[in-house]
Structure formats: C-alpha cells, structure tokens
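For reference, the structure is listed below as structure tokens.
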Amino acid sequence: MRRLGPAPFILLALALPSAGLHAEPLPKPTADYVAEGTITSGKKGSAPASVRHGAGKLRIDTEVDGKKAAIFIDLEGRTATVVSQRLGQKIAMQIDPERASEAVSMLDRDAKRVGEAKIAGEACDEYEFETAKGHTVVSCVTSDGIALRTRDVSRNRVIWEASRVTRGPQDAAQLVVPSDALPLQIPKLR
C-alpha cells in the first residue's frame, strides 16, 4: 500500500486564523465552511479538492493514489482516517496516530504575519511557520480562519489553493467516518 503524500496533512494548516504581528500559536478554525480548490501532492500532480470544517472536524475530499478519497480529521482528538473504495469495498484506514498527531500539531506551531493577499475574491493574511520536518510554509488565511492558499516555500510549490468558499453550517454526519466503512489497520509506515 502506498504512503499518503504530505499534501493532505499540510491541509491541516489550512484553517488558521490570524496570529498577529509576533509569533504565537496558530488557533483552530472559527468558521464552518466548505472551500473548493486544488491540492498538489509532490510527483502525483494536482487534483480537485474540497475542505469542509464544522465543530472542530475537517473533511478533505480529493484523490489518493488516483482514487477518490475522503480524509476525516478530528482536530481535538488529533486523529485522521482515510476512506476510499478498494476492491469494491468502502475501506477506512486510520493514519498512524503518531503521524496524524504530528500533522495536527501544525496548528500549534508558532507563526508570524508576513503579508496580505486576495484569493478566491477574499482578503487573507499570510502567515509563515515551519513544519516539524523543517519546511517553511506560508498559509493565507481569512479573518475567520479559512485558509485560501498554502505554499511549501521550501519546495517552491502551492499545496492548496481555494477557488470558492461558502460559509455556513455543515452536516455533522458528513464530517465523521461513515459507519459502513470497513476498518483496516495498517502497520506503522516509516
């Protein structure tokens, strides 16, 4: 089974409201929304994606290994699960808890405001921070915590860019792993 690229995990940094002019921890999202756009994952290229947030949970719909997948992230619980169709069956693969927790910890990174931009018709502030692996990331975030663009500066590529944002309550049932998905345990990947 192939490892997930870093893009879905860097998307965890997408929901970062303003952090001020000096470095401070990045807070969690304050708005419920769905953002549609494009995600890029290294050599695998770009794919359409949507990011939904509601009540501290994220759902990222995109492609993983060329197949449609939904990534369910509980920000408070620091867990992530990928749900996809494999061999005609809906499979739920929990991400290694250590790796999921590391990805969610991007929300705890210190960041500093480095600029402003307008993306998808919305104003946002750009915040720079460093990942646990030492990559410099800049995320452009609206005042209510919606990331409109995230760039991996170290690798000179845009990881996520929104083309449309719709604020409003999200269906809670759409933000949790479906009960009909067959759980699959994967050994720790290195």
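The values are calculated or read from the model by the stated rules, or taken from the named source; none is laboratory data. In this text the structure is predicted, and so the values were computed from the model without any measurement. We place every Cβ from the backbone using ideal geometry, glycine too, and count neighbours over all the protein chains shown. In case anyone asks, the SASA skips ligands and DNA or RNA and just uses the protein heavy atoms, side chains included. Shrake-Rupley method; radii C 1.70, N 1.55, O 1.52, S 1.80 Å.
Among the residues in segment 156-174, are any over 19 Å from P48 (Cβ atoms), open to solvent by 20 Å² or more (accessible area, probe 1.4 Å), at pLDDT below 95 and not aliphatic (A, V, I, L, M)?
Checking segment 156-174: at least one residue is over 19 Å from P48 (Cβ atoms), open to solvent by 20 Å² or more (accessible area, probe 1.4 Å), at pLDDT below 95 and not aliphatic (A, V, I, L, M).
Could you grab me the full set of residues in segment 123-142 that are hydroxyl-bearing (S, T, Y), assigned to a loop (DSSP other than H, G, I, E, B) and either under 21 Å from V34 (Cα atoms) or open to solvent by 30 Å² or more (accessible area, probe 1.4 Å) (or both)? Walk me through how you get there before you give the answer.
Let us first name the residues in segment 123-142 that are hydroxyl-bearing (S, T, Y), namely 127, 131, 136, 139, 142.
Checking the rest, the ones that are also assigned to a loop (DSSP other than H, G, I, E, B) come to 131, 142.
The answer is T142, and nothing else.
Conditions tested, residue by residue: (1) at pLDDT 85 or above; (2) open to solvent by 20 Å² or more (accessible area, probe 1.4 Å); (3) farther than 19 Å from G37 by Cβ.
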{"position": "A69", "(1), (2), (3)": "yes, no, no"}
{"position": "G77", "(1), (2), (3)": "no, yes, yes"}
{"position": "R86", "(1), (2), (3)": "no, yes, yes"}
{"position": "K90", "(1), (2), (3)": "yes, yes, yes"}
{"position": "D96", "(1), (2), (3)": "no, yes, yes"}
{"position": "R99", "(1), (2), (3)": "no, yes, yes"}
{"position": "S105", "(1), (2), (3)": "no, yes, yes"}
{"position": "D110", "(1), (2), (3)": "no, yes, yes"}
{"position": "K118", "(1), (2), (3)": "yes, yes, no"}
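Could you list all residues from segment 143-163 that are in a strand (DSSP E or B) and either touching a residue at least 60 places away in the same chain (Cβ under 8 Å) or out of contact with any Asp or Glu (no Cβ under 8 Å at 6 or more places or on another chain) (or both)? Break it down into steps so the answer makes sense when it comes.
So the first thing to find is which residues in segment 143-163 are in a strand (DSSP E or B), and the list is 147-152, 157-163.
Within segment 143-163, A147, L148, T150, R151, D152, R157, V158, I159, W160, E161, A162, S163 qualify.
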